[in-house]
Amino acid sequence: MEKVKTGQEAATEIAKTGYYRWIVCALLFFATTINYIDRQVIGLLKPTLEAEFNWSELDYGYIIMFFSASYALGYIIFGTIIDKIGSKMGYAVSVTVWSIAAILHAAARTTLGFGLVRGLLGLAEAGNFPAAVKAVAEWFPKRERALATGIFNSGTSIGAVAAPLLVPLLLSAYGWQEAFIITGALGFVWLIFWWLFYEVPSRHKKITPEEYAFIHIDNEPAVVESAGTLNWSKLLRIKQTWVFIVGKVLTDPIWWFFLFWLPSYFATTFNLDLTKPSLPLAVVYTATTFGSIGGGYLSSYMIKRGWPVLKARKVTLLIVAIVVMPIILARYATDIWVAVGIISLAAAAHQAWSTNIFTIVSDIVPKRAVSSVVGIGGMSGSIASTLFPLLVGALLQYYEQLGNITAGYNILFIICGFAYLLAWLIIHLLTRRMKPVEL
C-alpha cells in the first residue's frame, strides 16, 4: 500500500519546485556584492587620489575613520527604520542613498568633501545586513535560512575579489571620476529588479500557496509578538539581543584584521610584492566564499535531519570555532603557501560563523524586531572593529621597533584563534535556559 504523505511532507515536496524565495536570495547576494564594491573603490583609487589632491596618510585616515564611525551609527538607524517601514522599502532607501553617495565621490574636490560623502556612504551601507537578514526571515523556513544567509553573505567575498578587477579597468579606460560613477550606478540597476520582484510573501501575487506554506512550515513557537513600540531598553533586556552582540563584538574585529592587515603580513613575513596581482590574497578571500555557503549548508542540513534549530546553529558555531584555532600555528609556517592554507581555513571559518550568527537572530527574535537587533549588534561589532586596530597598530609598532614584527602578528593570530571559542562559550551560557520572548 502506498504510504500516505503527511501535510508537512506534501508541502515540502511541492515546494521544491518553488523558486521565488531563491530569486529573493539572488537579489540579496547581488546587493551585498555591490555594497562591498562601492566601499572598496576609494582604497583602490588611493594612489591616484593622493596625487590628485595631495593627501597625506593622515588625511586618508580621517576619511576612513569617518566612514567607520558613520557605518556603526548607520546600523542602529537603518535597523530601526527597516523594522518600521518594512524590508522592501527599507532596503530600497538604503541602496538609493548609498548609490547616490558613491556617485557623489566624483564631485568631491576637498578632503572634507570626500569625508562627508564617505560618511553618507557608510551610514547608508549599514542598512544592507539588517534588511537582508529580515528578508531571509520573511522568505525562508528555518531549515533553509542559514543556507540562504550563507549565499547572500558570500557577496562580501565576491565583492572583495571583483572590485580589484573592475576598478583598475574603469580607471585606465575612463578616469577616477567615472570609476565612482559607474560602480555607484550599479545600485540603481539592482533597484529596478528589487522593485519588480520583491514583496513579502503575504502580499506577493505570484507565490504559490504551497511555497507559502513551506516558508512557514517549521516555524517554532519560540517568540511571542505583541503590539507596542520597540526600543533599545526593551531589546537590551533580553538574552536574545546579547547573543548577537557577543557574536559580533568578539569576532567582527578579526574579520577586519584579515581584510586590512593580511597584505602587510604577507609582505613583511614572506616578502610578497604588493605592487603586482597577489595570488595568495586571492586564494584567501576566495576561500571565504566557500566558508559562507558551507557554514549555511551545514546547519541547514542538520535541521533537515531533524535537529532542533538552536542546537544545529550552536553545534555549527562550535565546529567553526574549533576550525579557526589552527591559525595559532601560522607562526611556524616557513612557506607562504602553508601560511595561506592555514589563514584561508580561518577566514573561511569566520564567514561560516558570520552566516550562522546572522541567521540565529531570525531564529530567536520576533520578525518585527530582527532588523533592530541586527542593527544593535552590528553597531556594537563596528565599534569593536574600530577600536581593535588601536591594539593591532600598537602591538605591531612595538615589535617593529624591536626588529621582529612577525612576533606581533603571532600574538594577533593567538587572539584570533581563541576569540570564536570564547564567543561560543558565552553564547552557549546565554541560550541554555532561553525562554520565549514577548515584545
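A few comments on the model shown:
- Taking the inverse of the mean reciprocal distance over all distinct Cα pairs, the Kirkwood hydrodynamic radius of segment 126-215 comes to 15.6 Å.
- Whole-number accessible area per residue in Å² for the chain, which is evaluated in the context of all protein chains at 1.4 Å: 43
- Over segment 342-404 - Rg/Rh using Cα atoms and the Kirkwood inverse-distance radius: 1.18
- Each of the GluC sites (Glu not before Pro) that DSSP puts in a loop and that has at most 14 other Cβ atoms within 10 Å breaks the chain; the longest unbroken stretch is 3-224.
- With Cα atoms as the point set, the radius of gyration and Dmax of segment 311-367 evaluate to 14.3, 50 Å.
- Taking the average, over residues, of other Cβ atoms within 10 Å as the packing measure, peptides 61-69, 38-46, 328-336 rank 38-46, 61-69, 328-336 from highest down.
- Proportion of all alpha-carbon pairs of segment 112-176 beyond 20 Å (%): 53
- Per-residue extension of 0.36 nm, minus the Cα-Cα distance of LEU329 and TRP307, leaves a gain of 4.6 nm for this segment.
- Translational D in µm²/s for segment 289-439 (Stokes-Einstein at 20 °C, 1.002 mPa s, Kirkwood Rh from C-alpha pairs): 125
- In the structure shown, the pairs LYS205/LYS234; LYS205/LYS304; LYS46/LYS88; LYS142/LYS248 are assessed against 25 Å; a Cα-Cα span above that value is assigned to LYS205/LYS234; LYS205/LYS304; LYS46/LYS88.
- Measuring r between the beta carbons of ASP273 and ILE426 and using R0 = 41 Å, the FRET efficiency lands at 0.50.
The values are calculated or read from the model by the stated rules, or taken from the named source; none is laboratory data. Note that the structure is a prediction, hence the values are computed from the model and not measured. Methodologically, a virtual Cβ is constructed for each residue, glycine included, from the backbone with ideal geometry; neighbour enumeration extends over all protein chains shown. Protein only, heavy atoms only, side chains kept; ligands, DNA and RNA dropped before computing areas. Shrake-Rupley method; radii C 1.70, N 1.55, O 1.52, S 1.80 Å.
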